[in-house]
Structure formats: structure tokens, C-alpha cells
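The values are calculated or read from the model by the stated rules, or taken from the named source; none is laboratory data. Because the structure is predicted, anything quoted here is derived from the model rather than measured. Quick reminder, even Gly has a Cβ in these numbers, built from the backbone with ideal geometry, and neighbours come from all protein chains shown. Protein only, heavy atoms only, side chains kept; ligands, DNA and RNA dropped before computing areas. Shrake-Rupley method; radii C 1.70, N 1.55, O 1.52, S 1.80 Å.
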Amino acid sequence: MSMQVLPMDLPAELHRRSSDVPEGDVIVATGPLVIMAHGLLALAPEERAAFWIHSEAGDLDAAEAEEQLAGWSQLPH
């Protein structure tokens with residue numbers, strides 16, 4: 001089964017779980033999906049579980065963001 005490669009420029013938000021706010025999470029950054037994916041994967045592996053990316057296409061965890069980056073690198077240029 002192949003994954004769907006999402007558009008790199010899709011607007012996205014990087015979220016972090018937080019018990020300090022009533023909503024339970026905070027938006028850390030916003031921008032194109034490709035930048036949010038790189039930002040998430042720049043975190044130390046042990047910290048990534050507290051973060052995820054949200055876009056109109058759905059939510060991505062670190063493993064899914066890594067799959068998207070791999071898919072984008074395979075696209076014809």
C-alpha cells in the first residue's frame with residue numbers, strides 16, 4: 001500500500017501537547033507543510049512524541065512527516 005504524497009506547500013501548523021493550557025496543546029509554528037515536517041524532525045527523537053503537524057489533509061506524527069519528506073524527494077523535478 002502506498003501513501004498519499006501531500007502537497008509540500010499545504011498550510012500547516014506544528015502543535016505541542018501541553019497540560020499548561022486549557023486546550024491541551026499549543027501551536028508552535030505555522031507555515032508550509034514541508035517546513036513544518038523539517039521542523040518536527042529537527043527535534044530530538046525523544047521529544048517528537050509530544051508534537052504533531054495539523055493541516056486540512058489531517059494530522060501527521062513524526063513518522064508520517066518523515067514518510068512525506070521521503071515521498072517529496074522521489075517526485076520528478
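Things to note:
- Scan of segment 6-28 for residues that are in contact (Cβ under 8 Å) with a residue 40 or more places away in the chain, open to solvent by 60 Å² or more (accessible area, probe 1.4 Å) and touching a Gly at 6+ places or on another chain (Cβ under 9 Å), ordered by number: PRO11
- The lone criterion from (1) touching a helix residue (DSSP H, G or I) at 6+ places or on another chain (Cβ under 6 Å); (2) modelled with pLDDT under 95 left unmet by ALA62 is number (2).
- Residue count, segment 6-51 (criterion: polar (S, T, N, Q) and over 21 Å from TRP72 (Cβ atoms)): 2
- Residue count for segment 30-64, restricted to those that are touching a Lys or Arg at 6+ places or on another chain (Cβ under 7 Å), buried (at least 17 other Cβ atoms within 10 Å of the Cβ) and in a helix (DSSP H, G or I): 2
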